[in-house]
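Single-structure report; data block below.
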């Protein structure tokens, strides 16, 4: 394989010279960033669309989105840096280099919800109604944003020979994300690539399913905040499973426990329990 090729051999897909960036007027622009930016814009437009169904003033969404985007990007980076501190402690300036990736979606989610409650407290608005609109944008942004990982050759899993197996040249992948099993398999077969689970694809596809279910369920929602729980529980369930396949897991310091896997499972349980309690109290 060429160092810039990507292949899904069992699907008969062979992509040649897939770039990580392109140049405009001599300035290199990372496709990772372009995809993230497009996902953010699409997400905002989706949230605005849903706000009309909620009979809300769409200007509220646009106004909130400005703060949410800024603090979500900061939160996504902080979350990643905190749980991969060894990669940054000897070069603190690298913390500000986002061109090679390093944004954790759960950091963005946490920051977005903190921003939501502070914003609504100041504006005297319902965070649950606005949140019910925002989560549609959030899940759509994640669907698109995961393809930034595709261009960056990251967020993949362990060796597999399954139908969706993806081949990546070893020279295009960060060395610390290649496991001993992947290296052994490459050496055994005498090739210069690793064959892995495309976990970014799994998560993007899972999020498509969640978004469809959210759109179907929206007309039947029974209280403000229920779509927030649907998103947190649905995404959390998928992430808790898919995260277990990844080779770049962010671990709780001093343990072998993947923080996003545990958080996803906890959010799923929390969403189910809270929804049950709210519905039970409404019946009373």
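The values are calculated or read from the model by the stated rules, or taken from the named source; none is laboratory data. Remember, predicted model here, so these are calculated numbers, not experimental data. Note that each Cβ is placed from the backbone with ideal geometry, even for glycine, and that neighbours are counted across all protein chains shown.
If residue 191 satisfies every condition in (1) more than 21 Å from the chain's Cα centre (by Cα); (2) in a helix (DSSP H, G or I); (3) closer than 27 Å to residue 13 by Cα but one, which is the exception?
Result: residue 191 passes all but (2).
Given the residues 164, 117, 128, which is the only one that is touching a strand residue (DSSP E or B) at 6+ places or on another chain (Cβ under 9 Å) and surrounded by fewer than 20 Cβ atoms within 10 Å (Cβ to Cβ)?
On the way: 117 fails: touching a strand residue (DSSP E or B) at 6+ places or on another chain (Cβ under 9 Å); 128 fails: touching a strand residue (DSSP E or B) at 6+ places or on another chain (Cβ under 9 Å).
Only one candidate qualifies: 164.
Scan segment 10-24 and tell me whether some residue there is assigned to a helix (DSSP H, G or I), surrounded by fewer than 18 Cβ atoms within 10 Å (Cβ to Cβ) and modelled with pLDDT of 95 or more. Can you show your working first?
Step one: filter segment 10-24 for residues assigned to a helix (DSSP H, G or I), giving 10-11.
Now restrict to residues that are surrounded by fewer than 18 Cβ atoms within 10 Å (Cβ to Cβ): 10-11.
Those still in the list that are modelled with pLDDT of 95 or more too: 10-11.
Yes, there is a match, as at least one residue in segment 10-24 is assigned to a helix (DSSP H, G or I), surrounded by fewer than 18 Cβ atoms within 10 Å (Cβ to Cβ) and modelled with pLDDT of 95 or more.
Taking segment 167-183 on its own, how many of its residues are modelled with pLDDT of 90 or more and exposed (fewer than 15 other Cβ atoms within 10 Å of the Cβ)?
The number of residues fulfilling the criteria is 4.
For segment 227-262, which positions are under 30 Å from residue 281 (Cα atoms) and crowded, with 20+ Cβ neighbours inside 10 Å?
227, 228, 229, 230, 231, 232, 233, 234, 235, 236, 239, 240
Could you pull out the residue among 4, 46, 56 that is in a loop (DSSP other than H, G, I, E, B) and either crowded, with 17+ Cβ neighbours inside 10 Å or on the phi > 0 side of the Ramachandran plot (or both)? Walk me through it before giving the result.
On the way: 4 fails: either crowded, with 17+ Cβ neighbours inside 10 Å or on the phi > 0 side of the Ramachandran plot (or both); 46 fails: in a loop (DSSP other than H, G, I, E, B).
Criteria check complete, one pass: 56.
Filter segment 198-247 down to residues that are part of a loop (DSSP other than H, G, I, E, B) and touching a strand residue (DSSP E or B) at 6+ places or on another chain (Cβ under 9 Å) and give me whichever is nearest to residue 138 (Cα to Cα). Break it down into steps so the answer makes sense when it comes.
First, pick out the residues of segment 198-247 that are part of a loop (DSSP other than H, G, I, E, B): 198, 221-225, 247.
Remaining after also requiring touching a strand residue (DSSP E or B) at 6+ places or on another chain (Cβ under 9 Å): 198, 247.
Values: 198: 21, 247: 25 Å.
So the residue we want is 198.
Just to be sure, is residue 190 more than 21 Å from residue 18 (Cα to Cα) and either touching a strand residue (DSSP E or B) at 6+ places or on another chain (Cβ under 7 Å) or surrounded by 14 or more Cβ atoms within 10 Å (Cβ to Cβ) (or both)? Quick ask: steps written out before the conclusion?
Working: more than 21 Å from residue 18 (Cα to Cα): yes; either touching a strand residue (DSSP E or B) at 6+ places or on another chain (Cβ under 7 Å) or surrounded by 14 or more Cβ atoms within 10 Å (Cβ to Cβ) (or both): no.
No; evaluated as a whole, the condition is false for this residue.
If the Cβ limit is 6 Å and pairs must be 6+ apart or interchain, which residue in segment 1-30 that is touching a residue at least 60 places away in the same chain (Cβ under 8 Å) pairs with which residue that is assigned to a loop (DSSP other than H, G, I, E, B) and surrounded by fewer than 12 Cβ atoms within 10 Å (Cβ to Cβ)?
4/17; 5/16; 10/163
Restricting to segment 75-98, give me the number of residues that are at pLDDT 90 or above, surrounded by fewer than 19 Cβ atoms within 10 Å (Cβ to Cβ) and closer than 16 Å to residue 145 by Cβ.
0
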